[in-house]
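Encoded as structure tokens, the structure appears first; notes follow it.
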Amino acid sequence: MGHIKNFLSAQGTHGIEQGVIAVGSMSSGMPVGLPYLAIRGARPGRTLWLHGQVHGDEINGMIAALRFARGLDPAHMSGNVVVTPTGNPHALDARRKRNPYDELDLDQSYPGNPNGLISERLAFALMQEIEGTADVLINLYTMNALFDSRVYAVYKVHPQSPLSELELLRLISVFEPNVACRMDVGGAGELPGNIAGALDYQCLARGVAAFMLELGGGSRYEAHNVEQAERGFARLAAQLGILPKATADALPASVRQVTKRGWMTFSHGGLFIPQATAGDTLPAKAVLGHSMDLYGNPVETIALARDGIVIGLRRDPVVHTGERAAFMAHEWKEVTL
């Protein structure tokens, strides 16, 4: 039995434990592991698991989860809250998306391999602790540092999971996201690689309700997005019965579900000046921004071919041909909860 499982299942009173899930070591002898913070309530109940930083520049979720957890009083809890603030410590230290020691995308490496590369071993060690422990897991992300966005969620549908889409959308709704994106795992071309290797997808296969929460842009602290996440964690913990029911407010009546999304890219290099704002819902032909060359001449106008929601908008003005301008929702509907 693992570190966290031992603490949560041990006989005794409520309390808080911080520790490290050991994974391996570096050539210098420096240990490789995953830090955790576990809060065990005075009464039995469900376990909410908050997992931060699959990619090394995704900071807001780490801060939000740790601040929420440190504000809890185990004596007033029924159940548990676990925070693993970083799933990818090497990438965190390097301030980059991927682990520099194997260049794997950890987001595509679950459930991991105990004899694999270091990212696969990190993934395996985490899954061993989650399975049989977590009831609900939130995988905390941001967009990369080049983009701004409002808080939004992404969820996947696993054909063997006992959890329905409506159940996941109800959990997501407590965060009041701008949109909740339904992600196709079957190879629709939205993203390359092994999307089935995502932590939330592997959790769904094991009966753990799991989804991604995207908290703004990477490599920076955004107070409004952190605070929105903290409020959502508290609401969700109350809905799960971990916190007193008196703190639970009503669920939102609906959530905006996105069923098709994609990137808009630049045809020419230059300097991009945005005209819209991340989170905007815009009609066809609306202008997201313009670019100019290094002489100040107009180069390109980025405009919508159809109605869309701006999920993420580029904030770095230096652009080249083929780079991304905006992440857009193309099809959506309001789902009643």
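Using C-alpha pairs under 8 Å with a sequence gap of at least 6, the mean separation divided by the residue count of the chain gives a relative contact order of 16 percent. What you get for the chain, charging only the Cβ of Lys and Arg (+1) and of Asp and Glu (-1), is a dipole of about 540 debye around the Cα centre.
What value, in deg cm²/dmol to 500, does the helix sum -39500 (n - 2.57) over DSSP H runs of n ≥ 4 give at 222 nm once divided by the residues of the chain? Could you put the intermediate results ahead of the total?
On the way: 7 runs with 70 residues, N = 337.
Helix contribution divided over all residues of the chain: -6000 deg cm²/dmol.
Values of log10 I(q)/I(0) for the chain across q = 0.11 Å⁻¹ run -0.72, by the Debye formula with one identical scatterer at each alpha carbon and no solvent.
Across region 152-180, the residues whose backbone nitrogen lies under 17 Å from the label position 7 Å along the beta-carbon direction of E331 are 155-157, 180.
When you count the other C-beta atoms within 10 angstrom of each residue and take the mean per peptide, 83-94, 296-307, 265-276 line up highest first as 83-94, 265-276, 296-307.
Heavy-atom accessible surface of the chain, averaged per residue, reaches 43 Å², computed with a 1.4 Å probe. Along region 302-317 the Karplus relation, 6.51 cos²θ - 1.76 cosθ + 1.60 evaluated at θ = phi - 60°, assigns HN-Hα couplings of 9, 10, 7, 7, 8, 3, x, 10, 7, 6, x, 10, 4, 10, 8, x Hz to successive residues, with x for each Gly and Pro. Derived scalar couplings between HN and Hα for region 152-169 equal 8, 10, 9, 9, 10, 10, 9, x, 9, 7, x, 8, 8, 4, 4, 4, 5, 5 Hz in order, rounded to whole Hz, by the Karplus curve 6.51 cos²θ - 1.76 cosθ + 1.60 (θ = phi - 60°), x for Gly and Pro.
I need the shape label for region 179-321. Rule: rounded when a/c is under 1.5, else prolate if a/b > b/c, else oblate, with a, b, c from the alpha carbon gyration tensor. The shape class here is prolate.
Name the shape class, rounded, prolate or oblate, that the alpha-carbon gyration tensor gives for region 1-97, where a ≥ b ≥ c are the square roots of its eigenvalues, rounded holds for a/c under 1.5, and otherwise prolate holds if a/b is larger than b/c and oblate otherwise. In terms of gyration-tensor shape, oblate. When the Cα positions of A123, L168, T13 are compared along the charge dipole of the chain, T13 comes out farthest toward the positive end, with charges on each C-beta of Lys, Arg, Asp and Glu. Given the options L271, A238, A223, identify the residue whose Cα lies farthest towards the positive end of the charge dipole of region 209-314 (+1 on Cβ of Lys, Arg; -1 on Cβ of Asp, Glu). The Cα lying farthest towards the positive end belongs to A238. Listed by chain and number, the lysines whose C-alpha is less than 27 Å from the C-alpha of K156, apart from same-chain residues fewer than 8 away, are K5, K97, K260, K333.
Would you mind getting me the FRET efficiency between R231 and M127? Use the beta-carbon distance for r and R0 = 22 Å, nearest 0.05.
Working: r = 29 Å, r/R0 = 1.31.
Computed FRET efficiency for R231 and M127: 0.15.
The values are calculated or read from the model by the stated rules, or taken from the named source; none is laboratory data. Small disclaimer: the values here were computed from a predicted structure and weren't measured. Note that we place each Cβ from the backbone using ideal geometry, even for glycine, and neighbour counts take in every protein chain shown. For the accessible areas, the whole protein counts, side chains as well, though only heavy atoms, and no ligand, DNA or RNA atoms are used. Shrake-Rupley method; radii C 1.70, N 1.55, O 1.52, S 1.80 Å.
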